[in-house]
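Following: one structure in structure tokens, then a few remarks.
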């Protein structure tokens, strides 16, 4: 049986290095794009000129530069003939801009996903109006026009800013298969009580008031519902929803449940190469599928680990492996040299903290925060731990004094300095002079020193850490074995 694996790293490299040919039953991917701001840059040429098309931009990684140019050349020169021709045609049409960069980076990834997909497998590519037309052409080239199954419209409601156009309230999901022999479990939309009553009588069937009724025989109404269609009315994950984890591109679990149920069976393997906050993984775990998740940020892997632990219990950690994150001091030093920001996120994740959003002039001296509650009453105060991360070979008393000043300024309960190097005796003396924070669980040093080596060895922050105290990561609803509810499936048939 396959095992559950969470990979940290570039999905193209992970796919090529770790995932074998035809081992995946179902792929869902939602390539990253900016969901919090609008930029008119995707069709912006390098000379600054813009076309008439004003559309949303993807993440900063999708920029036409040397990397995307090399990716384009590799696909054109070494890729399948159809893919090469489509990419050449798209470049002729689009030019050298960020949209072309996005397609150049996606093409080799889609080819790798086709390689790892079983002959009975399916792939669902989630996109918005920005690039759906271009991705459709690329998917046709990679998987074949004959293997296109559906263009699914995910319709949702949310408040959007007024603009001189119709509100955009849907995303597109492109559904392709590897061959014409693929797994598909027909999903049914349950009948309402009114329809069930008429079903027993075998007389009328209509969907909405005012529509012409249809005479239906008993034989036609034997099924438990109407076959699912390609317009899915599933609520957006609202900011106030219990499911919301604070991840900008988070998708509802109901959406992923529908996809996983339709195109896989129990014990099948589901892959999400852009797994973000882990919705695909959480739903696959709940539906008893094996899973593989890949993400290039340590923040995402930390969030997923917390999500699985809270939803399924601490024992879940033994059911999967994490590959790509540092497991030794040497690994940590390498990550710090290659990508300081990812090292910082990784180190904070080891103690259950989240990195702060770095804004100029704000949160000076703060790399991460950890929030906790340790009071029994309902109006209990949310308390915080301030964290500072240092990766240099030398750390001294001055850094600790700076942290002490930030803790006082922020009215925080505890301050923690995480360092690669071992603290000096002077630093330990300074930390000891900081006194203690008192909680129902005892006394906790207000200034604490932790090395990366100690964190890898299992040591953590000394603070009230009983079950449910840490509230840094918003908790997803606990999995209780029930299927995710779909109230929107009950069509009005009165």
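The values are calculated or read from the model by the stated rules, or taken from the named source; none is laboratory data. These numbers come from a predicted model, not from an experiment. As a convention, Cβ positions derive from the backbone with ideal geometry for all residues, glycine included, and neighbour counts pool all protein chains shown.
Some notes on this structure:
- Residue 322 in contact (Cβ under 8 Å) with a residue 60 or more places away in the chain, surrounded by fewer than 21 Cβ atoms within 10 Å (Cβ to Cβ) and in a strand (DSSP E or B): yes
- Residue list for segment 266-299, restricted to those being touching a residue at least 40 places away in the same chain (Cβ under 8 Å), part of a helix (DSSP H, G or I) and either in contact with a strand residue (DSSP E or B) (Cβ under 8 Å, 6 or more places away or on another chain) or over 15 Å from residue 310 (Cα atoms) (or both): 280, 281, 285, 298, 299
- Within the set 251, 242, the sole residue that is surrounded by 17 or more Cβ atoms within 10 Å (Cβ to Cβ), modelled with pLDDT under 90 and in the same structural domain as residue 290 (by TED's automatic domain parsing) turns out to be 251.
- Any chance residue 270 is buried (at least 24 other Cβ atoms within 10 Å of the Cβ), within 17 Å of residue 116 (Cβ to Cβ) and within 15 Å of the chain's Cα centre (by Cα): yes
- Of the set (1) in contact with a helix residue (DSSP H, G or I) (Cβ under 7 Å, 6 or more places away or on another chain); (2) at pLDDT 60 or above, all apply to residue 265 but (1).
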